[in-house]
Amino acid sequence: MAQRAYYVPDANGVERLPTRMSMFHAAPPVMRAPHWHAQVEVNYIVRGWVHYRMSGHEVRFNEGDLVLFWGGLPHQMDDAADDVVYAGGHLPLVHFFRLRLPQDVQSKLMQGATLITQATDASDTLNFARWNDYARSGDPMKAGMAVDELLLRIERVRFDPYTLLPGPADVVSAVEGLDHHSSPIVVRICDFIADNFREDIDSCDIASAADIHPKYAMNVFKKSTGMTLNDYVNLMRLSYAQALLMQEEANVLQVAMDSGFGSLSAFNKSFRKIAGMSPTDFRRDVRGRPSAPVTVQSGSTVQMN
């Protein structure tokens, strides 16, 4: 068997682009360590199988499975078939909360559940390949169509049997108090944070941009995502910082400042909370196995404003 290649966060990869839609169709390298990114991930297993360690559970996805999970919780593809091919995309929350999915599904995914459906067919294999080709084409109309069609495909999940695999214990919590007005508010909040997460912003700034009261903003966002506004701002910053740390000459203090953290101590504290280690240790661990080849997952990023 060929030597296994490993994935590490790239300076220009999905981790650094939390506000963008991206698509991929590739033979994925396995991961040395968990990573995270501020998008919902869509996986369609074209061939073979993959095994993930998620936050709160482990799961194997097989050929024909269509899967959604929240990438903001650390996750790791730690094994895969030798001939595996998977396709899919990374959906920023501004797109995810525009999807016409059952509200409890959106909330539970954000809190760590994994949605899986076997209600797929040969058309999915053809479509995911075409969407990836369109996204790579350089033609803005084709790229836009690829995104629109992918989002519609995800929405169709609600009409077929699917399973929500539980994540952390609080994923089963109820979502009382949410109504059809909540998602547009979350979209406005996410739009503002996406544009400003590297700046010094607080809940009042975010609520003002969404034209709502700060307490209401915090309440709606917490019920919809399981996160506080501060948690989400920090997640955007940490996703961005994770990629910056992979640059050869990255200075941890400079990464902290460039990512929007006001101090090195705040950066270290937030990074340890999600990664379980310091930024310096993280960089050493994911880059420090020279005996194994390192690769960056093939993919395509589509700018969606």
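The values are calculated or read from the model by the stated rules, or taken from the named source; none is laboratory data. These numbers come from a predicted model, not from an experiment. All Cβ positions, glycine included, derive from the backbone under ideal geometry; neighbour counts span all protein chains shown. Note: areas computed on protein heavy atoms with side chains; ligands, DNA, RNA excluded. Shrake-Rupley method; radii C 1.70, N 1.55, O 1.52, S 1.80 Å.
Key figures
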{"quantity": "Sequence-distant residues sharing a close amide H with Gly72 (under 5 Å, placed H)", "calculated": "His37, Gln39"}
{"quantity": "Total charge dipole magnitude, the chain, about the Cα centre, Cβ charges on Lys, Arg, Asp, Glu only, Debye to nearest 20", "calculated": "360"}
{"quantity": "Share of carbon and sulfur in the accessible heavy-atom surface of the stretch 15-56 [1.4 Å probe, %]", "calculated": "45"}
{"quantity": "Given charges at beta-carbon only (K, R positive; D, E negative), |dipole| of the stretch 8-99 in Debye", "calculated": "360"}
{"quantity": "Listed residues Leu126, Leu238, Leu115, most fluctuating in the chain (Gaussian network, C-alpha, under 10 Å)", "calculated": "Leu126"}
{"quantity": "Entries of Lys108/Lys222; Lys222/Lys273; Lys223/Lys273; Lys108/Lys269 with Cα pairs more than 24 Å apart", "calculated": "Lys108/Lys269"}
{"quantity": "Most positive-pole-ward Cα, Cys204, Met145, Ala256, against dipole of the chain from beta carbon charges", "calculated": "Ala256"}
{"quantity": "Amide H contacts of Met21 (H built 1.01 Å from N, under 5 Å, at least 5 apart or other chain)", "calculated": "Val302, Met304"}
{"quantity": "Accessible area in square angstrom per residue, the stretch 71-172, 1.4 angstrom probe", "calculated": "43"}
{"quantity": "Mean Cα-pair separation over length for the chain, i.e. relative contact order, pairs under 8 Å, 6 or more apart, %", "calculated": "26"}
{"quantity": "Scattering curve values for the stretch 14-151, log₁₀ I(q)/I(0), Debye with Cα scatterers, q = 0.15 Å⁻¹", "calculated": "-0.72"}
{"quantity": "Karplus-derived 3J(HN,Hα), 6.51/-1.76/1.60, for each residue of the stretch 16-21, Hz, glycine and proline x", "calculated": "8, 10, x, 9, 10, 7"}
{"quantity": "The stretch 232-283 - charge dipole about Cα centre, Lys and Arg +1 at Cβ, Asp and Glu -1, debye rounded to 20", "calculated": "300"}
{"quantity": "Cut-off 11 Å between beta-carbons: net charge of the residues surrounding Glu199, Lys and Arg +1, Asp and Glu -1", "calculated": "-2"}
{"quantity": "Shape call, the stretch 175-262: gyration tensor on alpha carbons, a/c limit 1.5", "calculated": "prolate"}
{"quantity": "Percentage of interatomic Cα-Cα distances in the chain larger than 32 Å", "calculated": "23"}
{"quantity": "MRE, 222 nm, helices only [DSSP H, n ≥ 4, -39500 (n - 2.57), over the chain, to nearest 500]", "calculated": "-12000 deg cm²/dmol"}
{"quantity": "Furthest towards positive pole of dipole, Ala87, Pro74, Gly64, structure part the stretch 40-149, Cβ charges", "calculated": "Pro74"}
